[in-house]
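Down below is the structure, laid out as structure tokens.
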Amino acid sequence: MDDTKRYERLLERYRNGDLSRRTFLGLIGAAGTVAGVTGGPFAALRRHAQAATPEQVRFDGWGGVVSEAFREYAFEPYTKKTGIDVVDGTFGGADEYLARVKASQPGEFNIAHLSGVFDYVRYHNLELSTELNEDNIPNLKNVITALTDVFRNVTDGTLSAVPYDYGTTSLAYNRKYISDEEIKEKGAKILIDPAYEGKIGGWGEWKTRIWYGALQTDQDPNGIEDMDAVWDAIRTHRDLALKYWGSGAELMSLLAEEEIYVTEGWSGRIKALQDEGHDLGYYDPPGGLGWQECLFVLKGSPMAACEELLNFMLEPEVAIAVAEGQNYPPALDPTKVELSEKVKKLPAFDPTGTLSGLNFFDPPYWNSNEAEWSKTFGRVQKGY
Amino acid sequence: MASLDPQEKPLRPWALLSPALTAILLLLVIPVCFIAVYSFWLRTATGADIAGFHLDNWAEVLGDAFYRDILGFTIWIAFATTVICALVGYIPAYFIAMTQFRHKAYLLLLLMLPFWISYIIRTMSWINILGTSGVVNVGLQWLGLTDEPIQMLYNQWTVIIGLVHFLLPFMILNVYVSLYAIDRNLIDAARSLGSTPWQAFTEVTLPLSLPGLAAGSLLCFVLAAGTYITPLVLGGPTDAMFANLVFDAIITQLNWPLGSALSLVLLALLGVLVAVYNRFAGMGQIAKSFG
């Protein structure tokens, strides 16, 4: 809420003669009283709750190397340039974050690094979306059009988020135990291969499990016909798996410590492990899962400050630096912006800027099944 | 001198109690009422809630075998943890209570040391102990006892180990307080009347320490049954406990009404347990342990 502008509007109306002196002073006095009563005590609480003021913006992301990249390459330079602080929070998953947002007051959370179109639709359906003023984000013109179009389709041509990066959730495997030839031959079915019982991992997230269940039963994940077969594949995987991992850090730990030999994994995290010297392979099986991430502005946020931060983060220098830091290709169109050699070598990078080679969740299909499938997965995951 | 007769100033006890009653009202009663109201709401497909009085969540929670089974597993884990804590915790409690060591206070301080470290860190430390490249596996291989790492992590036993690690100090403290309060003359009398040391222990010391053992067991059981982190960190795919169901309902499915009903079921179960304990042993024993 921009109080300054509201006072200025009052002053302008008074100067124009639209308000009497008595009314003008009365309104200012009332505003002062409200600010005094609610502002004093609650401002202190709000500070502790890390809510945003126009001098500060709250950003929540995935933690780990991703947040480190944001902090180093985006937030610190942004604060130096604009004087606006970025309060940097993290979450373990989009579900957990949504529950926190749902329990908060509007304005407490501002920008979130959300996963894909699925979350964009979900947040919009819960009336948490905003309407960005694209004139304030000129760097948006450099973004891959296909990525923004899917958002515009959801929010009637407007945007509540800017696409920021993309990646894949494909098969990560320890080369000491599994050869490149074997992974190519078995594809997603290696995750239900009894030969690796107790050495298989998997993300304990319903969408990913169902996607891979569909691949393991030779079905189209965006048009599953035999759901029972998918649940059976998920059960088989569950019984063979050592553990469902719940965060990028846990995924990296399980692979690095050789607790598991194979799992599906996030391309950037696997690249980080490879860069550390771990002999891991990463393979996109046919129908492998691609995703895009966006910077979503939540309802009640200080829009001007948020738009300025989004524009700053889409500056090619910043976006490229963050991409190199977090190991995910930026949403910038390679045909419009010259990307670095390091970015071009990142897993999942698409030089055409169309992303036509990746498979994404079909939002209407997955959102319409969310309630039933997430609940059923909760049961299957626990032994049913 | 001011009169202490409550008949003269009947509101005085309430005035003195009002800070505590206010805290209980604001921090416990009202939140539980909110949860109770929420449990009768319904969740829509988009995640929004429908207010009203609907029994669907309760019918599901009370009628579905899935929830009963997980509740049964939770009770089993909490029971096993409590029994192990009682067996393992009695010995150090006995030692601390009976030792003539001059600096007994330091031994009690050692019991408190684990609390200086985050519960999550303490739980995760077992990964470095029991993991494939953990201390135990490396030690076994170094000694030539095994050729390759043994898979010890991510099952219900590691969940129990993690919980015992967390809850043992609660048990030891409760038993210690009980043992420390025993009149030593009773043990001497038993010995002088011909009891062996073992008989003196089983006939005098153990029965007199039972209130402490019961208080420690209650605390361990209640805390273990409500745990969420330990099965998440140290459990396998199917080692979920009841609190994990609450997490799933509220966080993953955004179904707060169902999550509310589930949390009230757990609250009711543990509440009954505490009420039974209070009926037979009294809550005073637990208060003694915390000074």
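Compute the semi-axes of the equivalent ellipsoid of chain A, taking the square root of 5 times each eigenvalue of the Cα gyration tensor, and list them largest first in whole Å.
So the equivalent ellipsoid measures 44, 22, 19 Å along its semi-axes.
What's the longest bit of chain B with no exposed chymotrypsin sites (Phe, Trp or Tyr not before Pro), using DSSP loop states and at most 13 other Cβ atoms within 10 Å as the test? Working shown, then result.
Details: sites that count: B:F53, B:F101, B:F290.
Longest stretch, sites excluded: B:102-289.
What does the buried accessible surface come to for B and A, summed over both chains, with the probe at 1.4 Å? Round to 100 Å².
Values: alone 17090 and 17610 Å², together 32030 Å².
Roughly 2700 Å².
Suppose we compare each residue of the range B:223-237 in its chain alone and in the full protein complex with a 1.4 Å probe; which ones drop by at least 40 Å² of accessible area?
Buried by the other chains: B:P237.
Grab every C-alpha pair in the protein assembly as shown, bin the distances at 10 angstrom width from 0 up to the longest one, and report whole percents.
Answer for the protein assembly as shown: a P(r) of 3, 12, 20, 22, 19, 13, 7, 4, 1, 0, 0 percent.
Return the residues of the range A:240-278 for which accessible area with all protein chains present is lower than in the chain on its own by 40 Å² or more; set the probe to 1.4 Å and exclude ligands, DNA and RNA.
Correct list: A:L242, A:K243, A:E257, A:E259.
Sorted from largest to smallest, which semi-axis lengths in Å does the alpha carbon gyration tensor of the range B:1-93 give for its equivalent ellipsoid, taking the root of 5 times each eigenvalue? Display every interim value, and only then the final one.
Details: eigenvalues 316, 193, 23 Å².
The equivalent ellipsoid of the range B:1-93 has semi-axes of 40, 31, 11 Å.
Ignoring ligands, DNA and RNA, what percent of the accessible area of the range A:167-289 is carbon or sulfur (1.4 Å)?
Numbers: 1880 of 4300 Å².
Here it works out to 44 percent.
How many Å² of accessible area per residue for chain A, probe 1.4 Å? Write down the numbers at each step before the final one.
Numbers: 16260 Å² over 384 residues.
Heavy-atom accessible area per residue stands at 42 Å².
Can you give the Kirkwood hydrodynamic radius of the range B:77-187 from its Cα pairs, in Å with one decimal?
On the way: mean 1/r = 0.0622 Å⁻¹.
Across the range B:77-187, the inverse of the average 1/r is 16.1 Å.
Among all helices in chain B defined by DSSP H, which have a length of 24 Å or more along the axis from Cα atoms plus a Kyte-Doolittle mean of at least -0.5? Numbers along the way, then the final one.
On the way: long enough: B:65-98 (48 Å, 1.53); B:156-180 (34 Å, 1.58); B:206-225 (27 Å, 1.88); B:256-280 (36 Å, 1.65).
Length and hydropathy pass: B:65-98, B:156-180, B:206-225, B:256-280.
Going down the list A:K207/A:K375; A:K141/A:K336; A:K271/A:K336; A:K271/A:K345; A:K184/A:K345, which pairs span over 18 Å between their C-alpha atoms?
Numbers: A:K207/A:K375 11 Å; A:K141/A:K336 9 Å; A:K271/A:K336 26 Å; A:K271/A:K345 10 Å; A:K184/A:K345 21 Å.
Going by Cα-Cα distance, A:K271/A:K336; A:K184/A:K345 fall outside the 18 Å limit.
What is the Å³ per residue value for the convex hull set by the Cα atoms of the range A:167-289?
88
Give me the percent of accessible area attributable to carbon and sulfur for the range B:61-206, probe 1.4 angstrom.
Details: 5650 of 8080 Å².
That share works out to 70 percent.
Can you tell me the orientation of helix A:116-125 relative to chain A, as the angle in degrees between its alpha-carbon axis and the longest Cα principal axis, to the nearest 10?
The angle comes out near 40 degrees.
Count charges around B:R43 for me, please; just the other residues with Cβ under 11 Å from its Cβ, Lys/Arg as +1, Asp/Glu as -1. The partial results should precede the final answer.
Working: positive: A:K375; negative: B:D49, B:D56.
Charge balance in the 11 Å sphere: -1.
Counting only Cα atoms, I'd like the Rg/Rh figure for the range B:61-289, Kirkwood definition for Rh. All intermediate terms of the calculation are to be shown ahead of the outcome.
Working: Rg = 20.7 Å, Rh = 19.8 Å.
Reported Rg/Rh (Cα atoms, Kirkwood Rh): 1.04.
Name the residues of the range B:121-149, by number, that are at least 10 Å² less accessible with every protein chain in place than in the isolated chain; the surface is that of heavy atoms, probe 1.4 Å, without ligands or nucleic acids.
B:I127, B:T132, B:S133
Considering all alpha-carbon pairs of the range A:152-239, what whole percent are spaced by more than 23 angstrom? Write down the numbers at each step before the final one.
Details: 1413 of 3828 pairs.
The share of Cα pairs beyond 23 Å in the range A:152-239 comes to 37 percent.
Let's see if you can work this out: charge +1 on each Lys and Arg Cβ, -1 on each Asp and Glu Cβ, no other charges. What is the dipole magnitude of the protein assembly as shown about its Cα centre, in debye to the nearest 20? Can you show the working numbers first?
On the way: 50 positive and 73 negative charges, 605 e Å.
For this selection, approximately 2900 debye.
Roughly speaking, to the nearest percent, how much of the range B:220-289's 1.4 Å accessible area is carbon and sulfur? Can you show the working numbers first?
Working: 1790 of 2460 Å².
Accessible surface attributable to carbon and sulfur in the range B:220-289 totals 73 percent.
The values are calculated or read from the model by the stated rules, or taken from the named source; none is laboratory data. Values in this document were obtained by computation on a predicted structure and should not be read as measured data. All Cβ positions, glycine included, derive from the backbone under ideal geometry; neighbour counts span all protein chains shown. These accessible areas exclude ligands, DNA and RNA; they are computed on the full protein's heavy atoms, side chains included. Shrake-Rupley method; radii C 1.70, N 1.55, O 1.52, S 1.80 Å.
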